[in-house]
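Single-structure report; data block below.
The values are calculated or read from the model by the stated rules, or taken from the named source; none is laboratory data. Please read these numbers as outputs of a predicted model, since none were measured by experiment. In this analysis, Cβ positions are derived from the backbone assuming ideal geometry, glycine residues included, and neighbour counts consider all displayed protein chains.
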Ligand SMILES: CC(C)(COP(=O)(O)OP(=O)(O)OC[C@H]1O[C@@H](n2cnc3c(N)ncnc32)[C@H](O)[C@@H]1OP(=O)(O)O)[C@@H](O)C(=O)NCCC(=O)NCCS
């Protein structure tokens, strides 16, 4: 499937869902959808994300949105990262959100399909992500897409003065 196509599974009470590259004019909707999850409107952050992932046409950096009923209802961001953590180039998905009223209709699955298609076109054969241990919803979603525990472990420490 290519960006801009539609998916039968994503039809419900709502219209058809299509997935395409994000445009600068989508940012207001993206910021709003993100704010429904995080409670914070991060305007500067999203403009810098768009500059990095949405502005160019390189398939190794992707910022996609799902459109339905004439509005943006979800977004996904991913990229190819080379040799991070010593691993050969692979795809990373690091943000995916769907507006609450449009969830459980296949919108996120459709966006991930299109993202994966672009990443495959960049030559990578593996997709990774990182998520909060407490976020059961996003864990259920990624597991439903076939993602399983990978070979890395996260570590962290406090940077006290
Ligand atoms: C996770 C999220 C992206 C899923 O979007 P969605 O469009 O509803 O997902 P889909 O309809 O494609 O669902 C695919 C599968 O995910 C799983 N899933 C989705 N929502 C679920 C839920 N509420 N409970 C359990 N499993 C769920 C199911 O296995 C589902 O397959 P099924 O429809 O055959 O049962 C969406 O719920 C969301 O935006 N959540 C908040 C975002 C978030 O916390 N992001 C973290 C920062 S990256």
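Just one of 52, 128 is within 16 Å of the ligand (Cβ to nearest atom) and either over 23 Å from residue 29 (Cα atoms) or without any contact (Cβ under 8 Å) to a residue 12 or more places away in the chain (or both); which is it?
Residue meeting the stated conditions: 128.
Could you run through the range 12-38 and say how many residues are away from the ligand (no atom under 12 Å from the Cβ), more than 16 Å from the chain's Cα centre (by Cα) and either at pLDDT below 95 or in a loop (DSSP other than H, G, I, E, B) (or both)?
Adding up the residues that qualify gives 3.
Of the conditions (1) in a helix (DSSP H, G or I); (2) under 25 Å from residue 31 (Cβ atoms); (3) at pLDDT below 95, residue 58 fails just one. Which one is it?
(1)
Evaluate the following for residue 146: is it crowded, with 16+ Cβ neighbours inside 10 Å and at pLDDT 95 or above?
For residue 146, the condition - crowded, with 16+ Cβ neighbours inside 10 Å and at pLDDT 95 or above - is not met.
How about the range 33-48: which of its residues are surrounded by fewer than 17 Cβ atoms within 10 Å (Cβ to Cβ) and without any contact (Cβ under 8 Å) to a residue 40 or more places away in the chain?
35, 38, 39, 40, 41, 42, 43, 44, 45, 47, 48, listed by residue number.
Quick check on the range 119-142: of everything there that is touching a helix residue (DSSP H, G or I) at 6+ places or on another chain (Cβ under 8 Å) and more than 11 Å from residue 92 (Cα to Cα), which residue is surrounded by the fewest Cβ atoms within 10 Å (Cβ to Cβ)?
Selected residue: 132.
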